1. Note down all Cβ pairs under 7 Å where the first residue falls in the stretch 160-186 and is among the charged types (D, E, K, R), the second is assigned to a strand (DSSP E or B), and they're at least six residues apart or on different chains.
2. Output the residue which, of all residues in the stretch 121-149 that are over 25 Å from Ala221 (Cβ atoms), open to solvent by less than 70 Å² (accessible area, probe 1.4 Å) and part of a loop (DSSP other than H, G, I, E, B), is modelled with the highest pLDDT.
3. Can you tell me how many residues within the stretch 211-237 are among the small types (Gly, Ala, Ser) and in contact (Cβ under 8 Å) with a residue 60 or more places away in the chain?
4. For the stretch 9-100, give me every one of the strands (runs of 3 or more DSSP E) that falls completely inside it and has 1 or more residues that are in contact with a strand residue (DSSP E or B) (Cβ under 8 Å, 6 or more places away or on another chain) and open to solvent by 60 Å² or more (accessible area, probe 1.4 Å).
5. Any idea which of (1) assigned to a strand (DSSP E or B); (2) open to solvent by 50 Å² or more (accessible area, probe 1.4 Å); (3) over 26 Å from Ile59 (Cβ atoms) is the one Arg196 doesn't satisfy?
6. Within the stretch 176-193, count every residue that is surrounded by 15 or more Cβ atoms within 10 Å (Cβ to Cβ) and outside any strand (DSSP E or B).
7. So in the stretch 199-250, with the set limited to residues that are surrounded by fewer than 17 Cβ atoms within 10 Å (Cβ to Cβ) and acidic (Asp, Glu), which one is modelled with the highest pLDDT?
Amino acid sequence: MASLPAAGPVERAVFAREPVRVQLQVGRERLITLPSDALLHVPDDMEAVARLESIGGTIYATALVPFTPIRIVAELVDSGQQIPIDLIAAQTTKPDGELQVAVMEPPTVPNPMAVGTGAASQGSTPAADPVADMVQLTRHAARQLYAPRRLANGFPGVSQVAVDLDPVPGLLRGVNVVAQPLGQWKSGNLYVTAVRITNLSRFALELPLESVRGRWISATAQHGRIGAAGTDTDTTALYLVCDRSFAACL
């Protein structure tokens, strides 16, 4: 039976530079609310001590056993901001309520090169759009899929290009999944394709990124582990970057 969210008053924390410390009660789910949807970077053995899910800007965290502080990192998909979070769990009788995390914005520093005067300004030409690297392209694709529509703003210099939306048999070797492209974007000479991965087996599985068919510069999963077929966690997204279109890199 699923654990109930921890009851208690809502707590608030502001991330400036120091890691956010989160106390968990073993067996009780705690909600950690972030400014936007986030990708979670966790230790490989994290599932042995805690269950973590990131959905719509909220981390659902349940400690399975007591443990000393473990560092995870939440990467906000709308900005790329990384928030280190130290989780600690104990057998405590006092449940902690929801934790709302805000980010302290750095002060705005005027750019002296942004405004020109006189003849130099009149003769200037508009700057070209920047070219996104593979990390920025991957973040852009993740925002289009997971960020709220109001936050899914594009990266300058990235444009969407057509891609065949038919499922791709055998894209992930050795696992029983359906892989279906959802969208493709381009910047400079790089392409990123978002592919929906749905588990068809009755067992949870780790995505074998080393077994992705094709010639990819990088392969990134929204979630490294997906649940058994029919569960709420049986689907995730895979982001594949190549120096050619998706079809040409298969």
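1. Asp164/Pro181; Lys186/Ser159; Lys186/Val161
2. Pro130
3. Matching residues across the stretch 211-237 total 2.
4. Values: elements: 11-15, 20-25, 29-33, 38-41, 50-55, 58-63, 67-76, 82-90.
Hits in the stretch 9-100: 11-15, 20-25, 38-41, 50-55, 58-63, 67-76, 82-90.
5. Among (1) assigned to a strand (DSSP E or B); (2) open to solvent by 50 Å² or more (accessible area, probe 1.4 Å); (3) over 26 Å from Ile59 (Cβ atoms), the lone unmet condition for Arg196 is (3).
6. Looking only at that region, the number is 0.
7. Here the residue is Asp243.
Yes/no matrix, rows are residues, columns are (1) more than 15 Å from the chain's Cα centre (by Cα); (2) within 27 Å of Val161 (Cα to Cα):
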residue	(1), (2)
Ala179	yes, yes
Val195	no, yes
Ser201	yes, no
Glu206	yes, no
Ser211	yes, yes
Gly214	yes, yes
Ala221	no, yes
Ile226	no, no
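The values are calculated or read from the model by the stated rules, or taken from the named source; none is laboratory data. Quick caveat, the model's predicted, so the values are computed rather than measured. Counting neighbours? That spans all protein chains shown, and the Cβs are built from the backbone with ideal geometry, glycine included. Remember, those area values only see protein heavy atoms, side chains included, never the ligands or the DNA or RNA. Shrake-Rupley method; radii C 1.70, N 1.55, O 1.52, S 1.80 Å.
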